[in-house]
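Written out below as structure tokens is the structure these notes cover.
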Amino acid sequence: MTATWIRVLASYLHLLAVAVYLGGSVAMEFVLGPAQRFVPPAQAQVLGQKSADRFLVLVWAALALFPVSGMLLFFSLSDQHLVTHGGMFSTSAGLTLVAMMALWAVLVVNGALITFVFRPRLAGKVAARGGAVAGAVAGRIEAMQEAATWVSRLTRIDLAIALVVVLLGASLAYGNGIL
Ligand code: HEM
């Protein structure tokens, strides 16, 4: 009975993290992003910045919840033997789980790059380069544009990775893995 409750709770938290991460990314990419083009650039920039700041809190909460709920799920499952007895790297279930964790690590690295490298640049929080004021401003604008391109690129990559991880998760939950 206790094991069942742990499993239900772990599953609930895992799916909640998926909903927040994937649902949020889709909404940012396909709803908010396109809508921003219809407001003046200065307002679009503030809107984009404020919404991304708030969304990043949810992203980190979801990224933290994945391994906790995932491990809890794994240790409360009756099909654990598929991975542990056969070896983590020699069964389809084991390889699928390893791939899931590796891709989660990529999401964490990309999240860190967005949060600590590119978003500060996008917000113009980098030191101005160059001596002359005009040169410094041009340099800062160029750095911001480059950062915006990288944030958008990484966000799309993360979305694609998350979609693949969901497939891996489904293959584990309703089969013996896909790899
Ligand atoms: C360290 C990270 C992770 C670990 C340890 C982990 C572990 C697990 C485990 C053990 C299962 C259960 C398999 C079963 O029921 O037999 C599972 C299912 C699943 N995982 Fe993960 N996972 C992680 C990250 C992720 C991420 C990043 C996503 C998506 C963005 C994800 C999406 C799913 C989905 C959709 C399922 C199927 C749930 C269901 O239908 O019940 N997981 N995961």
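Only the coordinates and a few stated rules stand behind these numbers; no lab work does. Because the structure is a prediction, the values reported are computed rather than measured. Using ideal geometry, Cβ is built from the backbone for each residue, glycine included, and neighbour counts are taken over all protein chains shown.
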Q) How far, in nm, would the chain grow between Glu142 and Asp53 when pulled straight, counting 0.36 nm per residue and subtracting the alpha carbon separation? A) 29.9 nm
Q: For every helix of n ≥ 4 consecutive DSSP H residues, a contribution of -39,500 (n - 2.57) applies; sum these over the chain, divide by its total residues, and give [θ] at 222 nm rounded to the nearest 500 deg cm²/dmol.
A: -24500 deg cm²/dmol
Q) Taking neighbour Cβ counts within 10 Å as the exposure measure, how do Tyr12, Tyr21 sort from fewest upward? A) Tyr12, Tyr21
Q. How big is the charge dipole of the chain about its Cα centre, in debye rounded to the nearest 20, if each Lys and Arg gets +1 on its Cβ and each Asp and Glu gets -1 on its Cβ?
A. 520
Q) Of Phe38, Phe75, Phe55, which is the most mobile in a GNM of the chain whose springs link Cα atoms less than 10 angstrom apart? A) Phe38
Q.
Just want the ordering: Arg7, Arg119, Arg153, from fewest to most Cβ atoms lying within 10 Å of their own Cβ.
A. Arg153, Arg7, Arg119
